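The values are calculated or read from the model by the stated rules, or taken from the named source; none is laboratory data. Since the model is a prediction, treat every value here as computed from it, not as a measurement. FYI the Cβ positions are ideal-geometry reconstructions off the backbone, even for glycines, and counts take in every protein chain you see. Heads up: the accessible areas ignore ligands, DNA and RNA and are worked out on the full protein's heavy atoms, side chains in. Shrake-Rupley method; radii C 1.70, N 1.55, O 1.52, S 1.80 Å.
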Amino acid sequence: SRMSSPVIVQGTAVQSPAAQAAPHHGDGNQDDQQPPKTGCNDPIFAILFYGNLAAICYTAVAYGPAAFDSTVNSNSEDYSGYVYAAVITGVISFIFSGFGLTFLMQYPETMIKMGLIFVVVMSLVWCVMAFLSGSIFAGVIGVVFFLIGVCYARAVWSRIPFAAINMVTAGTAIKANLGVCLFAYLFTAIEFGWVILWSIAFAGTLDSTYSCNANGYCTDPNYGLLFLLFVSFFFTQQVLQSSVHVTVAGTVGTWWVAPEESGCCSKGVCNSFIRTVTTSFGSICFGSLLVAIVQALRALAQEAQNNGDAAILACIAECILACLASILEYFNKWAYIYVGVYGYSYLQAGRSVIQLFKDRGWEAIIADDLVGNALLLTSIIVGGLIGAVGMVLATTTGFFEQAGGNELAVAFTIGFIVGLSICSILLSTIASGVNTVIVMFADAPREFQQNHPELSQKMRETWTKFYPGSMAPVA
């Protein structure tokens with residue numbers, strides 16, 4: 001047994017009531033029991049992020065206006081209608097996303113079931129469409145994925161209450177700190193502005209470097225510029241999404257050990273946000289840049305494949321990069337919990353969370369992530385509704401006159417992407433809350449029992465039912 005030691009959540013220390021230490025990071029050395037150092041972690045990556053913003057702002061100002069003013073360049077298209085449509089659908093997306101979040105928090109088990117069914121049905125749809133299009137090989141692959149999906153759904157159906165109780169606990173924490181949703185809206189609004197700014201810079205760069213002659217011959221795209229633009233886009237997008245994740249993690253961590261600091265715009269919420277944009281911001285940028293580089297390379301491979309440049313190699317590269325991006329995003333999802341809760345640097349947080357679940361033997365529990373299906377389904381529904389709004393705009397306005405007869409398709413696509421993006425960021429509060437609950441329940445179950453006994457009892461009963469022996473008694 002170790003001596004009793006406090007659980008330190010970003011400066012909030014709560015004495016463990018048990019004889020053993022509640023926190024369990026790394027190899028259990030004394031250094032791991034000390035609070036993280038003060039000051040900004042990984043500052044060089046925060047500087048890179050600000051440099052990225054400055055570069056895009058300059059590009060948008062210097063080259064953007066020409067791309068949106070047909071009088072400056074007779075070869076330029078008028079993109080202003082698309083921007084107006086994006087603004088309108090973006091505003092409506094905020095409202096629809098709020099309704100989606102409310103419904104998800106009220107009916108977690110129902111949404112998890114619907115999300116699981118949705119994944120299986122979509123694999124069946126893919127299979128049928130492949131056969132109808134005459135692609136036998138793709139159809140056979142679709143059948144395999146459908147059968148795997150059915151087997152998976154059958155295997156995990158009984159575990160839905162386990163996923164639901166995690167969502168309920170996370171939802172309870174978020175309800176007790178509703179102000180964190182305002183910060184989620186803030187980051188969502190910033191991303192909305194970022195998409196518009198980046199689009200202006202992208203259109204200006206493309207307009208000045210890419211041209212077609214009267215015979216329809218177009219110059220090859222500058223893949224170097226495209227790569228930098230894609231890195232910039234994904235870098236900022238990842239930072240904004242991760243900032244929501246870290247803010248929610250810090251808020252839920254504070255609620256876990258110090259519920260008296262909870263409230264709509266409480267100290268726990270505000271302090272978590274301040275730490276996110278100051279001391280922890282460099283760590284967020286570190287992980288986000290890694291993902292952004294891989295995603296940019298993947299986007300570049302897709303562009304090369306579409307242009308017929310080494311299509312086979314580009315396809316292979318895209319598959320490999322997609323897997324690598326998924327691995328990095330999965331790693332970041334858990335590392336950022338420790339960044340938000342304990343204020344660790346990015347690498348320290350990654351080591352700590354990996355070691356934690358390795359020691360506890362909970363890899364299977366982490367993999368059993370049914371919550372993501374419910375969040376995906378909700379985001380897709382909102383995206384579809386906003387896509388329908390875009391189609392209404394296409395039939396009632398002249399925003400999509402440049403679409404060349406594809407007004408409805410272009411309008412739906414823009415609306416769907418805008419709605420999906422905005423709703424995904426907002427619903428990340430639930431996803432982040434669930435991830436934090438899993439980590440904190442492993443790290444500080446005694447504090448949970450002391451501060452939230454009813455939820456703790458439900459959590460313990462559900463976890464023990466599906467994972468016997470995974471929980472130690474709480475004194």
> How high is the FRET efficiency between Ser158 and Thr102 when r is their beta carbon distance and R₀ equals 30 Å, given to the nearest 0.05?
Replying inline: 0.60
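Using per-residue counts of other Cβ atoms within 10 Å, averaged over each peptide, order 291-297, 240-246 from highest down.
Details: 291-297: 21.9, 240-246: 26.7.
Per-residue mean Cβ counts within 10 Å order the peptides as 240-246, 291-297.
Highest mean first, what order results for 390-397, 369-376 on Cβ atoms within 10 Å? The partial results should precede the final answer.
Values: 390-397: 17.1, 369-376: 21.1.
Ranking, from highest mean packing down: 369-376, 390-397.
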>> To make sure I understand the rule: partners must be lysines, Cα under 17 Å from the Cα of Lys267, and not fewer than 8 residues away in the same chain. Which ones qualify?
In response: Lys175
>> Need one value: the accessible area of Thr278 in square angstrom, 1.4 angstrom probe, rounded to the nearest 10.
In response: 60
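Order 41-51, 176-186 from most to least packed using the mean count of other Cβ atoms within 10 Å. Please list the in-between numbers first.
Numbers: 41-51: 16.3, 176-186: 20.2.
My ranking of the peptides, most packed first, is 176-186, 41-51.
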> What figure in square angstrom, to the nearest 10, would you give for the accessible area of Arg446 with a 1.4 Å probe?
Replying inline: 40
> Based on Cβ point charges of +1 for Lys and Arg and -1 for Asp and Glu, what charge dipole magnitude is obtained for the stretch 68-211 about its Cα centre, in debye rounded to the nearest 20?
Replying inline: 880
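If you place +1 on the Cβ of every Lys and Arg and -1 on the Cβ of every Asp and Glu, how big does the dipole about the Cα centre of the stretch 226-337 come out, in debye to the nearest 20? Present the calculation step by step, with values, prior to reporting the outcome.
Numbers: 4 positive and 6 negative charges, 47 e Å.
About 220 debye.
Sort Lys175, Lys333 by accessible area with a 1.4 Å probe, largest first. Don't skip to the end; give the middle numbers.
Numbers: Lys175 105, Lys333 50 Å².
The ranking, largest first, comes out as Lys175, Lys333.
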